Ligand code: SAM
């Protein structure tokens, strides 16, 4: 598989860059006439046949590897290179968007080059996991800015927001993610999965918009999950999150590392919503 830019596709031909020619010919040892998969990281995949400096598109492929919910990970940047592994693992697990934030106890203030690196890692991980979409990695912002942008972008009815807090008597995330029902809309032949969140108190019902009262106009559910830094969230940060609709949740009785917690949270969400 290789990732291509939209400009490389011209009238059923993929114009290969020198690097791609090298990768296909020298690394993968493909010859003219051999087939490979090209993807644009935005949901389109093609079966292509290698020619000299280009490839012929043979078929448009349908790939269904995405989760039925959109997941935004709001994560306080961990120290060292730990975030690289978070990006890689959470991309494999199906995250839609990763929003790194600088919290009161964040130890790392990343250089601009880091963002490029994280986006590259997300691209590679998406390719390896055969995902249709490459997750968006946002520029780091302060925790409060992150909270308010999440809050203004999401529509309340289709969003569940959780903040993972290591200590305290909070409900377990798995108990908040109850897989409720799978619905088949015969006409649209589209499947949708609904979740009820008893912990949040605001029930995410099978809303008109979500099921698609008009064909083709389905709204996807979004789960926002926030995980803290090595030193944990401050009391004020947890209170700020609760004030904009986040439910504090536990990931179990053991204290997980800042780089382990998002992977565990994503695994629980994946397990609850994958059909
Ligand atoms: N000493 C810190 C404290 O008491 O909060 C530990 C922080 S932990 C290393 C880093 C982050 O991972 C936490 O802020 C939290 O978001 C998440 N985390 C780790 N273990 C957790 C657990 N058992 N339940 C919920 N969140 C957890």
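Laboratory data are not the source of any read-out in this text; all were calculated from the coordinates shown. Fair warning: this is a prediction, and the values are worked out from it, not measured in the lab. Cβ placement follows ideal geometry from the backbone for every residue including glycine, while neighbour counts extend to all protein chains displayed.
Overview of results
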item	result
Residue 1 versus residue 236: modelled label distance in nm, points set 7 Å from Cα along the beta carbon direction	4.4 nm
Inter-label distance for residue 17 and residue 54, nm, one decimal - labels placed 7 Å from Cα along Cα-to-Cβ	1.9 nm
Cβ-Cβ FRET estimate between residue 264 and residue 27, R0 fixed at 25 Å, reported to 0.05	0.15
In range of the label at residue 92: residues from region 254-275 whose backbone nitrogen is under 17 Å from the point 7 Å along Cα→Cβ	259-271
Extension gain from residue 255 to residue 66, taking 0.36 nm per residue of separation minus the Cα-Cα distance	65.1 nm
Viscosity 0.692 mPa s, temperature 37 °C, Stokes-Einstein D of region 22-87 from Kirkwood C-alpha radius, µm²/s	217 µm²/s
Calculated log₁₀ intensity ratio I(q)/I(0) where the Debye formula runs over C-alpha points of region 50-162, q = 0.11, 0.14, 0.20 Å⁻¹	-0.44, -0.65, -1.11
Cβ-based exposure ranking for 45, 118, in which fewest neighbours within 10 Å come first	45, 118
Order of 120, 131, 167 under a 10 Å beta carbon neighbour criterion, fewest first	167, 120, 131
Cβ-Cβ FRET estimate between residue 175 and residue 37, R0 fixed at 41 Å, reported to 0.05	0.55
